[in-house]
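The structure appears right after this line, and notes come after that.
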Amino acid sequence: MVTKRWFARGTVALIAIALVVAPLAACSTPSVGSLDQVGQLRNIDGGVALTIPALWAGRAADGTDVGGVEPAEVMVLEHRDGVDPVDLTRIYSSGAGPQWRAATSQAAAVATLMSARDPEEIDLGFSVTGPIDGPSAGGILTVGLLANLTSTPLIPTVAMTGTISPDGTIGQVGGVATKVKSAAAVGFKTIIVPDNSFGFFDEATGKEIGIVEYGKTLGVTVVMVRTVGEAYKIFTGKEYTPDVRLSDTPSAATEAAIRSNIQSMEARLGAAIAAAPAGTDTETLNLAQSALGTMRETAALKDWPRAYGIGAFAYLRLMRASGAASAQSLVDTQGFEAARTQITAEITAALDEAIAARDAALTTPENRLEKVVYLPEALGWVTYAIASYRGVLDELQLATEESAVVSAGRVLIEERAGVNDMLPDSLTVVSAMPTKNGYDSAEVQGFLSGYSELLARAGQANVDYYTTLSGSDLRADGRFTDDGMMATVAQLAEDVAELTEPKTLSESLSNAATAMTYFVMSNGMLSSGQSFGLSIAEDDLRTSAYAEILDASVDASTSTVESFAAQLEADGYAVGYPLWSTRWATAAATNYRGTPQAANAAWVALNEAWYDAIGLFMMTAITSEE
């Protein structure tokens with residue numbers, strides 16, 4: 001088995017990518033095909049197929065916008081010996097490229113996770129006949145798979161466009177107005193689009209018409225959605241996730257762990273402020289000082305998520321600023337070559353420490369089901385740090401400018417905080433969760449292996465799409481133009497090739513952490529540019545061209561985590577760690593909305609929610625077999 005490791009919580013891929021419209025070379029409109037079979041389930045050899053309407057939009061040779069609807073199939077087959085589980089490589093198409101493979105792989109992973117199916121027991125297949133490409137069918141592919149897996153037909157007059165995120169959030173796409181017009185032209189009555197979609201620009205009046213209003217001019221109903229669950233209800237008339245109330249009161253043991261973490265974070269932040277080196281960014285230092293006061297106020301009100309979230313976010317930001325200041329001082333006093341040598345030595349030592357921390361966390365897994373299943377997401381802090389350190393070392397080997405050493409120092413101190421502080425805090429909450437559910441080690445090991453394979457395949461498809469879209473390979477450039485992200489990704493690709501079939505539960509947990517992190521990272525690389533327009537300014541502040549979309553995605557991701565956590569809690573399973581992780585990160589994101597730190601905080605929240613949603617999906621899957 002090949003699995004993957006990587007992603008930094010709170011790190012953004014930096015290559016800005018425009019919203020994608022399917023890149024069609026031909027100027028003619030593809031054949032729409034019959035709508036008679038859309039939405040229908042039908043038996044095929046070895047399984048069941050469901051036809052879905054895949055919307056596409058592109059630009060003809062003369063520069064005009066064109067679009068259409070292509071029938072695509074999603075197939076659920078009984079697993080056959082000799083066929084890879086959830087086979088993401090058997091994607092039959094004519095003219096479809098890596099973008100389409102990324103969309104199908106992503107949909108297969110999310111649908112398998114959300115449907116609580118064991119990926120070792122089913123095979124998924126896809127087919128498309130027209131020259132379609134791009135990730136914008138990810139949402140409808142996921143809905144189609146969920147419908148197929150639950151034997152639920154789709155309403156044939158409903159169409160949809162939108163990408164799919166790890167937590168089931170529907171993301172932005174390009175050419176929405178063109179797709180709505182094309183769907184309306186062939187008889188669809190309801191078109192589902194991502195929340196906050198752009199409208200139609202009327203060149204005659206010079207004004208933009210909201211996409212919902214534009215739909216009315218075409219005689220169709222346009223509905224904006226945030227999640228695949230919302231889309232599923234419109235397509236089927238049924239709720240995918242039941243409305244279950246979630247207790248807002250953590251167990252006594254979990255609350256004690258949380259309060260201990262808040263006290264530790266307050267002490268860390270205070271110490272970091274006092275020890276901040278000369279030259280530390282003043283605004284970041286002021287942010288930390290303000291956060292320290294807010295922590296104390298909110299903790300007194302027992303608003304635990306906000307207290308910890310504001311403190312943790314400010315602490316990580318201050319660590320970055322302190323690392324940059326220390327590295328700059330080193331360059332100023334010793335020169336470039338000596339500074340690079342010293343930073344390289346420090347990162348090498350930090351790498352060894354991170355590997356030791358990861359191995360220690362995996363030494364003796366607790367004999368409680370929830371604690372084992374949630375452990376890989378908690379290990380994300382150290383999983384990414386290891387890859388990040390290796391990537392930074394590659395960057396430093398090629399570096400020729402002093403700014404690269406400063407960037408290396410920034411990443412070093414932030415990742416060290418993730419390993420030494422955020423990881424122990426996470427493990428404390430995981431360990432504190434009260435649970436009576438034991439597990440069979442061999443069974444869990446096999447389960448984790450199946451999901452590791454699933455997530456790894458989907459992650460690789462996303463990376464293939466990203467490199468095609470950006471037009472460049474993943475490699476270090478020696479200049480940290482992307483905060484070292486590409487070097488980290490490149491290092492992870494090498495690590496992936498070296499992983500083998502796990503022989504122990506600890507190895508399975510490590511592989512699951514790497515595969516999960518890889519999946520989250522690859523999605524981050526795509527959505528940071530496509531959906532959110534994220535970039536990093538010279539002052540180390542992330543900015544978003546679509547702030548409202550970014551904020552809405554955080555809210556939608558949080559809603560998904562809350563929903564699945566509520567269902568598991570109602571069934572008697574502990575959900576303390578993923579719920580806490582998402583809540584503190586979302587509280588921080590909400591707190592900093594409208595400030596220069598908004599995009600940074602929102603990205604941290606999305607990363608946490610993506611990890612937590614995957615953990616809850618996996619927990620739902622393994623408990624459904626009991």
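The values are calculated or read from the model by the stated rules, or taken from the named source; none is laboratory data. Note that the structure is a prediction, hence the values are computed from the model and not measured. Cβ coordinates were reconstructed from backbone atoms using ideal geometry, including for glycine residues, and neighbour counts include every protein chain displayed.
State all residues of region 175-199 that are touching a Ser or Thr at 6+ places or on another chain (Cβ under 6 Å), part of a helix (DSSP H, G or I) and among the β-branched types (Val, Ile, Thr); if no residue qualifies, say none.
176
Looking only at helices (runs of 4 or more DSSP H) that lie completely in region 533-626, which have at least 3 residues being closer than 21 Å to residue 439 by Cα and touching a Leu at 6+ places or on another chain (Cβ under 9 Å)?
Correct list: 547-570, 598-624.
Among the residues of region 181-217, count how many are surrounded by 19 or more Cβ atoms within 10 Å (Cβ to Cβ) and under 19 Å from residue 39 (Cβ atoms).
Number of matching residues: 7.
Go through region 575-626 and report how many residues are among the aromatic types (Phe, Trp, Tyr) and more than 15 Å from residue 564 (Cα to Cα).
3
Answer yes or no: is there a residue in region 242-262 that is of a type outside the set (A, V, I, L, M), touching a helix residue (DSSP H, G or I) at 6+ places or on another chain (Cβ under 6 Å) and over 21 Å from residue 563 (Cα atoms).
For region 242-262, residues of a type outside the set (A, V, I, L, M), touching a helix residue (DSSP H, G or I) at 6+ places or on another chain (Cβ under 6 Å) and over 21 Å from residue 563 (Cα atoms): present.
Give all pairs with beta carbons closer than 9 Å in which a residue from region 155-167 that is within 19 Å of residue 103 (Cβ to Cβ) meets a residue that is hydroxyl-bearing (Ser, Thr, Tyr) and assigned to a loop (DSSP other than H, G, I, E, B); count only pairs at least 6 apart in sequence or on separate chains.
What qualifies is 161/136; 161/197; 162/136; 162/197; 163/136; 163/531; 165/531.
Only one of 404, 385 is more than 15 Å from residue 351 (Cα to Cα) and touching a helix residue (DSSP H, G or I) at 6+ places or on another chain (Cβ under 7 Å); which?
Exactly one residue qualifies, and that residue is 404.
For the subset of region 339-384 comprising residues that are over 26 Å from the mean Cα position of the chain (by Cα), farther than 30 Å from residue 572 by Cβ and not hydrophobic (A, V, I, L, M, F, W, C), which member is surrounded by the most Cβ atoms within 10 Å (Cβ to Cβ)?
340
Determine whether residue 317 is within 19 Å of residue 595 (Cβ to Cβ) and either in contact (Cβ under 8 Å) with a residue 12 or more places away in the chain or not in a loop (DSSP other than H, G, I, E, B) (or both).
In short, yes.
Out of all the residues in region 68-88, is one or more at pLDDT 60 or above, in a loop (DSSP other than H, G, I, E, B), surrounded by fewer than 20 Cβ atoms within 10 Å (Cβ to Cβ) and charged (D, E, K, R)?
The answer is yes; a qualifying residue exists.
Mind checking which residues of region 588-615 are among the small types (Gly, Ala, Ser), buried (at least 24 other Cβ atoms within 10 Å of the Cβ) and within 17 Å of residue 316 (Cα to Cα)?
The answer is 588, 589, 599, 601, 602, 605.
Please verify whether residue 500 is polar (S, T, N, Q), closer than 26 Å to residue 107 by Cα and outside any loop (DSSP other than H, G, I, E, B), treating the condition exactly as stated.
Criteria not met by residue 500.
What are the residues in region 428-443 that are touching a helix residue (DSSP H, G or I) at 6+ places or on another chain (Cβ under 6 Å) and either closer than 30 Å to residue 353 by Cβ or crowded, with 23+ Cβ neighbours inside 10 Å (or both), if any?
Answer for region 428-443, where residues must be touching a helix residue (DSSP H, G or I) at 6+ places or on another chain (Cβ under 6 Å) and either closer than 30 Å to residue 353 by Cβ or crowded, with 23+ Cβ neighbours inside 10 Å (or both): 428, 429, 430, 432, 433, 441.
List the helices (runs of 4 or more DSSP H) that sit entirely inside region 321-389 and contain at least 2 residues that are closer than 20 Å to residue 421 by Cβ and modelled with pLDDT of 95 or more.
Passing ranges, in order: 336-361, 375-378.
Where residues in region 471-521 are at pLDDT 80 or above, surrounded by fewer than 24 Cβ atoms within 10 Å (Cβ to Cβ) and of a type in the set (S, T, N, Q), which of them is farthest from residue 536 (Cα to Cα)?
The selected residue is 504.
Could you tell me whether region 124-141 includes any residue that is hydroxyl-bearing (Ser, Thr, Tyr) and at pLDDT 90 or above?
No, region 124-141 contains no residue that is hydroxyl-bearing (Ser, Thr, Tyr) and at pLDDT 90 or above.
Which of the residues belonging to region 308-338 are within 16 Å of residue 396 (Cα to Cα) and either among the hydrophobic types (A, V, I, L, M, F, W, C) or crowded, with 24+ Cβ neighbours inside 10 Å (or both)?
Result: 323, 324, 327, 330, 331, 336, 338.
Looking at 428, 435, which one is over 18 Å from residue 487 (Cα atoms), modelled with pLDDT of 95 or more and more than 21 Å from the chain's Cα centre (by Cα)?
Within the list 428, 435, the selection yields 428.
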